[in-house]
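The values are calculated or read from the model by the stated rules, or taken from the named source; none is laboratory data. Values in this document were obtained by computation on a predicted structure and should not be read as measured data. Here the Cβ positions follow ideal geometry from the backbone for every residue, glycine too, while neighbour counts run over all protein chains shown. Ligands, DNA and RNA are stripped out before the accessible areas are found, and what is left, the full protein with its side chains, is counted by its heavy atoms. Shrake-Rupley method; radii C 1.70, N 1.55, O 1.52, S 1.80 Å.
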Amino acid sequence: MFRKFILPVLAVLGAVFAIYSVVTGQRQIPPAQPVTQPAQPQFDSYVAGAGIVEASTENIAVGTLVPGVVTEIFVKIGDQLKAGAPLFRIDDRDLRAELAVRQAALASAQARVTTESASLADTKNQLETWQAVADTRAVAKEEIDRKRYAVQIQEAKLAQAQADVDSAAAQVKSTETEIDRRLVKAPVDGEILQVKIRLGEYAPAGALATPLMLIGDTKTLHVRVDVDENDAWRVSRDARATAHVRGNRDIKTDLTFFRIEPYVVPKRSLTGDSTERVDTRVLQELYAFDRGKLPVYVGQQMDVFVDAPPASAGKSIAAATGDSK
């Protein structure tokens with residue numbers, strides 16, 4: 001019974017399943033549609049590159065010269081500041097106590113100068129009195145010499161007291177400088193882009209992977225464009241350039257050439273393309289644009305297109321360069 005009915009049925013089902021698998025496996029899977037359409041250049045021949053938006057002053061990582069615990073933070077993200085505005089303060093209670101001691105020492109030294117000045121005036125007056133005696137026989141020469149030496153001694157004491165004042169004032173100034181070093185200030189006019197330090201946290205000195213604060217001038221923004229080294233020869237300083245916002249190709253802006261950094265560096269800004277090479281070296285160009293009302297932010301990627309001669313023009317350029325030699 002099993003061999004007569006069940007096995008033929010199973011064989012037929014297996015054949016049907018095999019045919020179904022082959023048919024469905026040969027179907028072409030439609031390509032996934034992109035979330036947004038890629039940007040289209042407006043130039044017939046161009047060089048394309050991924051651009052990173054940065055502040056016109058570059059993104060300044062604010063640090064501290066002196067490590068310590070943060071006791072005050074004067075800013076928040078988005079604040080517009082002038083150069084020299086306070087950002088945060090490192091604990092300086094020990095220095096303020098030391099400053100009070102040194103200010104007291106300065107006041108004491110200044111009081112001593114006043115005392116020594118009065119003593120000098122008194123000894124000078126005594127000397128002038130002895131020297132004013134008309135009859136020299138009434139005054140012993142030794143007494144006049146003694147008064148003269150007393151004036152010289154008092155002048156030396158006054159000079160020493162004044163030196164003590166200068167030393168105490170220098171110590172006060174040194175302590176005030178140390179206190180001022182614990183107040184971190186804005187190096188340039190700009191906007192607070194990041195705040196990665198909180199009250200009570202320890203702020204280390206030196207270069208950090210995550211800066212304590214990030215500041216930059218965002219009224220005018222720059223785009224740092226990575227141009228493949230193979231296309232670097234096609235780049236021109238006076239060429240037109242446009243940048244498109246990632247995610248909306250209709251939001252674009254014209255760019256103004258700012259500078260070329262003449263050192264070719266390894267590529268760091270990745271676009272996410274599956275065919276992208278990560279071992280490429282790139283020439284970095286900086287373009288400026290007015291932020292205006294554009295929804296563009298520092299650190300955002302943009303698609304940049306630069307008007308450039310076609311790659312086929314390389315032979316004529318090489319020939320012209322050879323002729324010029």
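Quick look at the values:
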{"quantity": "Odd one out for Ala85, checked against (1) among the small types (Gly, Ala, Ser); (2) at pLDDT 95 or above; (3) in contact with a Phe, Trp or Tyr (Cβ under 7 Å, 6 or more places away or on another chain)", "calculated": "(3)"}
{"quantity": "Conditions (1) within 30 Å of Val282 (Cβ to Cβ); (2) in a loop (DSSP other than H, G, I, E, B); (3) open to solvent by less than 90 Å² (accessible area, probe 1.4 Å); (4) of a type outside the set (A, V, I, L, M); number of the one not met by Gly78", "calculated": "(1)"}
{"quantity": "Lone unmet requirement of (1) under 28 Å from Thr280 (Cβ atoms); (2) in contact (Cβ under 8 Å) with a residue 40 or more places away in the chain for Pro67", "calculated": "(1)"}
{"quantity": "Considering residues of the range 53-75 that are part of a loop (DSSP other than H, G, I, E, B) and among the hydroxyl-bearing types (Ser, Thr, Tyr) only, the residue surrounded by the most Cβ atoms within 10 Å (Cβ to Cβ)", "calculated": "Thr64"}
{"quantity": "The range 43-52, subset open to solvent by 30 Å² or more (accessible area, probe 1.4 Å) and not in a loop (DSSP other than H, G, I, E, B), residue nearest to Arg268 (Cα to Cα)", "calculated": "Ile52"}
{"quantity": "Where a residue in the range 286-303 is at negative phi and its partner, wherever it lies, is open to solvent by 40 Å² or more (accessible area, probe 1.4 Å) and assigned to a loop (DSSP other than H, G, I, E, B), with Cβ under 8 Å and at least six apart", "calculated": "Arg291/Lys219; Val298/Asn59; Gln300/Arg246; Gln301/Arg246; Gln301/Thr271; Met302/Arg246; Asp303/Pro38; Asp303/Arg246"}
{"quantity": "Some residue of the range 248-270 being of a type in the set (S, T, N, Q), part of a strand (DSSP E or B) and modelled with pLDDT under 90", "calculated": "yes"}
{"quantity": "Qualifying residue in the range 302-310 (condition: at pLDDT 90 or above and either open to solvent by 70 Å² or more (accessible area, probe 1.4 Å) or of a type in the set (Gly, Ala, Ser) (or both))", "calculated": "no"}
{"quantity": "Count of residues meeting criterion [open to solvent by less than 70 Å² (accessible area, probe 1.4 Å), among the basic types (Lys, Arg) and in contact with a helix residue (DSSP H, G or I) (Cβ under 9 Å, 6 or more places away or on another chain)] in the range 89-126", "calculated": "1"}
{"quantity": "Ile19 being open to solvent by less than 70 Å² (accessible area, probe 1.4 Å) and over 30 Å from Thr280 (Cα atoms)", "calculated": "no"}
{"quantity": "Some residue of the range 218-231 being closer than 18 Å to Asp290 by Cα, open to solvent by 50 Å² or more (accessible area, probe 1.4 Å) and of a type in the set (Lys, Arg)", "calculated": "yes"}
{"quantity": "Residue count, the range 218-247 (criterion: in a helix (DSSP H, G or I) and either in contact with a His (Cβ under 6 Å, 6 or more places away or on another chain) or in contact (Cβ under 8 Å) with a residue 24 or more places away in the chain (or both))", "calculated": "5"}
{"quantity": "Test result for Glu142, surrounded by fewer than 16 Cβ atoms within 10 Å (Cβ to Cβ) and at pLDDT below 90", "calculated": "yes"}
{"quantity": "Any pair with Cβ under 6 angstrom, 6 or more apart, that starts in the range 204-217 at a residue that is more than 20 Å from Gly190 (Cβ to Cβ) and open to solvent by 30 Å² or more (accessible area, probe 1.4 Å) and ends at one that is of a type in the set (Val, Ile, Thr) and not in a strand (DSSP E or B)", "calculated": "Ala205/Thr64"}
